[in-house]
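The values are calculated or read from the model by the stated rules, or taken from the named source; none is laboratory data. Note that this is a predicted model, so its numbers are computed, not measured. Neighbour counts run over all protein chains shown; Cβ positions are idealised from the backbone, glycine included.
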Amino acid sequence: MSEERPKAGTRRNFVRTVGRIAMAAPVLALPIVLSKKADAKGYVWQIDPYKCTFCEQCRTLCIMTPSAVKCTNAFQMCGYCDFCPGFLRQGAKKYSTAAEDQLCPTGAIKRKFVEEPYFEYTIDEKLCDGCSKCVKGCYDFGNGSLYLQIMHNLCLNCNQCSIARGCPSDAVVRVPADGPYVRKELKGTPRVVPLAVVRSRKKQEATFRRKYTTGEENVSC
């Protein structure tokens, strides 16, 4: 009997040790599983600004309210126009910065004087609903510096993105999570107005205002 007791104790210790390991294994493995899941996911949704056709559907198709799609400005491409076609409404009866003459329906574009005759335009993301009206205006009449991006502090990264399904130009694509934005100013050759042209823009604005407010096409900033 005295010889069997140590064996029984050894068995009990073994069972206890195995039980503890079995209970601890899931906890220890959880960080590994989560890291593998993150690595497997690895991609997020984003808008290719060179495919986007400003269809205005990003505002309504996104499951977030307001949409996770926001406008952004590529400052290296921006002409800092006094008469900005992405800021001021085409066909306005007068040239002013009053709310009724602004193109943005939510007042998300903020205008700040830099120096004569230049103004800086920034986007208030809390007000922007991704309607793309300013993007179209800037593309049609300006340098094309305004473009849409999905903001990943807001996006839920759905498996089946409703915007991607409804996009008529297939502009919503998967991109690596470690490079989640498609920066227009960093891709391709931007349509930048030469400095000499920018400096002479003040003299041209009288004509530009007349053409723009009457809705005449083929006018660029």
>> If the requirement is being of a type in the set (Lys, Arg) and part of a strand (DSSP E or B), which of these qualifies: Lys112, Lys126?
In response: Lys112
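Table: residues versus (1) crowded, with 16+ Cβ neighbours inside 10 Å; (2) among the aromatic types (Phe, Trp, Tyr); (3) out of contact with any Gly (no Cβ under 6 Å at 6 or more places or on another chain); (4) modelled with pLDDT of 90 or more.
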residue	(1), (2), (3), (4)
Ala8	no, no, yes, no
Ile21	no, no, yes, no
Pro26	no, no, yes, no
Leu34	no, no, yes, no
Ala38	no, no, yes, no
Val44	yes, no, yes, yes
Cys55	no, no, yes, yes
Arg59	yes, no, no, yes
Gly86	yes, no, no, yes
> Could you list, in sequence order, the residues of segment 89-107 that are among the hydroxyl-bearing types (Ser, Thr, Tyr) and either over 15 Å from Cys134 (Cβ atoms) or in contact with a strand residue (DSSP E or B) (Cβ under 6 Å, 6 or more places away or on another chain) (or both)?
Replying inline: Tyr95, Ser96
> From Leu146, Leu127, which residue is free of Cβ contacts under 8 Å to residues at least 40 places away in the same chain, closer than 15 Å to Thr72 by Cβ and touching a Ser or Thr at 6+ places or on another chain (Cβ under 8 Å)?
Replying inline: Leu127
> Which of the residues belonging to segment 96-116 are of a type outside the set (S, T, N, Q) and buried (at least 16 other Cβ atoms within 10 Å of the Cβ)?
Replying inline: Asp101, Leu103, Cys104, Ala108, Ile109
> If Val135 satisfies every condition in (1) surrounded by 19 or more Cβ atoms within 10 Å (Cβ to Cβ); (2) of a type in the set (Val, Ile, Thr); (3) in a loop (DSSP other than H, G, I, E, B) but one, which is the exception?
Replying inline: (3)
>> Six or more apart or on different chains, Cβ atoms under 6 Å: show the pairs whose first residue is in segment 152-163 and crowded, with 16+ Cβ neighbours inside 10 Å and β-branched (Val, Ile, Thr) and whose second is at pLDDT 95 or above and part of a loop (DSSP other than H, G, I, E, B).
In response: Ile163/Cys62
